[in-house]
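The structure appears below as C-alpha cells.
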Amino acid sequence: MAKVIIFGVLDTAELAHYYLTHDSADEVVAFTVNREFLKETEFKGLPVVAFEDVETIFPPQEFKFFAPMTGRKMNKNREKIYLEAKAKGYGFISYISSKATLFNNQIGENCFILEDNTIQPFTTIGNNVVLWSGNHIGHHGQIKDHVFFTSHVVLSGHCVIESYCFFGVNSTIRDYLHIAEGTLVAMSASVTKATEPWGVYMGNPAEKRPIPSHKVY
C-alpha cells in the first residue's frame, strides 16, 4: 500500500480519488496544484498544497505521486507534471481497474486504466498512459509513453503507438499499423494505414486533415 498525492482538484483528480479509495490498496493523503491555481486548502476532506512546495511537506521517500491528467496539448501538460514530479524525487503509482481484463501485460508508471478495458496478451504499455473506459487493445502491440485513449477505441493487433498520440471516442485502428508520434485520431475515425507525425486524422477511411489555424492541441 502506498500513500499517494494526486495532482489536480478537477474532475479527473476527483475520479482518481474515487477509484483509488474504492478499488485499490493505496491511500490518497493529499492533493497538489500549481500555486497560481491554489484557491482552497482542502478537497475531498484532504489537504491541498502548492506543487512548488509539495516535496517539503510530503517527502518523496515516504509518499508516491499520481498525475491522472487529461490529454490537453497532446498529453504535453501531463508529461510536464510527470517529469517535474519525477525531478522532485517521487515514484509513481499506476491505477488499473479491477474490472479491466489483462494478461500479465507490462505496464509503466503513472498510468490510469479504467474499467472494461481489455488488454490482450503480449501488448506492452509505457509510462503516463491513460486508457479511459471500454477500450479493446489488441495483442502483440506496443503503446509508448504519454498516450491518451478516450472510450470504446478498437486498437487491433500488432500496432505500434508512438508517444503523444490521442484517440477519440469510437475510433478504430486496423492491425499491423504504425501510428506516428503526435497523431490525433478523431472521434469515429477508421485508420487503415500508417500515419504521419503530428497529423490529425478524420473520417472513414481516415485521411489526414489540416489543423485549423485557431486550434491549439
Review point. Picking from 25, 30, which residue would you name as being modelled with pLDDT of 95 or more, surrounded by fewer than 12 Cβ atoms within 10 Å (Cβ to Cβ), over 18 Å from the mean Cα position of the chain (by Cα) and aliphatic (A, V, I, L, M)?
Key: 25
Study note, to complete from the structure: Given (1) of a type outside the set (Lys, Arg); (2) in the same structural domain as residue 202 (by TED's automatic domain parsing); (3) buried (at least 20 other Cβ atoms within 10 Å of the Cβ), residue 102 misses just (3)
Exercise for review: Kindly indicate whether residue 73 is under 26 Å from residue 147 (Cβ atoms), in contact (Cβ under 8 Å) with a residue 12 or more places away in the chain and surrounded by fewer than 20 Cβ atoms within 10 Å (Cβ to Cβ).
Suggested key: yes
Exercise for review: Sort out for me the strands (runs of 3 or more DSSP E) sitting completely within the range 1-83 that have 3 or more residues that are of a type in the set (A, V, I, L, M, F, W, C).
Suggested key: 3-7, 27-33, 46-50
Exercise for review: Confirm whether residue 133 is under 26 Å from residue 83 (Cα atoms), small (Gly, Ala, Ser), assigned to a loop (DSSP other than H, G, I, E, B) and out of contact with any Cys (no Cβ under 6 Å at 6 or more places or on another chain).
Suggested key: yes
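May I ask you to verify whether residue 181 is assigned to a loop (DSSP other than H, G, I, E, B), in the same structural domain as residue 105 (by TED's automatic domain parsing) and touching a Pro at 6+ places or on another chain (Cβ under 7 Å)?
It is true that residue 181 is assigned to a loop (DSSP other than H, G, I, E, B), in the same structural domain as residue 105 (by TED's automatic domain parsing) and touching a Pro at 6+ places or on another chain (Cβ under 7 Å).
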Review point. Counting just the residues of the range 154-168 that are buried (at least 20 other Cβ atoms within 10 Å of the Cβ) and outside any loop (DSSP other than H, G, I, E, B), which one comes out nearest to the chain's Cα centre (by Cα)?
Key: 166
Exercise for review: Could you tell me whether residue 107 is under 19 Å from residue 4 (Cβ atoms) and not charged (D, E, K, R)?
Suggested key: yes
Review point. Between a first residue in the range 187-199 that is surrounded by 13 or more Cβ atoms within 10 Å (Cβ to Cβ) and a second residue that is among the polar types (S, T, N, Q), which pairs have beta carbons less than 6 Å apart while being 6 or more apart in sequence or on different chains?
Key: 188/170; 189/171; 190/172; 190/204; 195/183; 199/183
Exercise for review: May I ask you to verify whether residue 86 is touching a His at 6+ places or on another chain (Cβ under 8 Å) and of a type outside the set (Asp, Glu)?
Suggested key: no
Practice item. Return yes or no: is residue 137 modelled with pLDDT of 95 or more, on the phi < 0 side of the Ramachandran plot and among the aliphatic types (A, V, I, L, M)? Key: yes
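The values are calculated or read from the model by the stated rules, or taken from the named source; none is laboratory data. In this text the structure is predicted, and so the values were computed from the model without any measurement. Because the Cβ atoms are built from the backbone with ideal geometry, glycine has one as well, and the counts that use them run over all protein chains shown.
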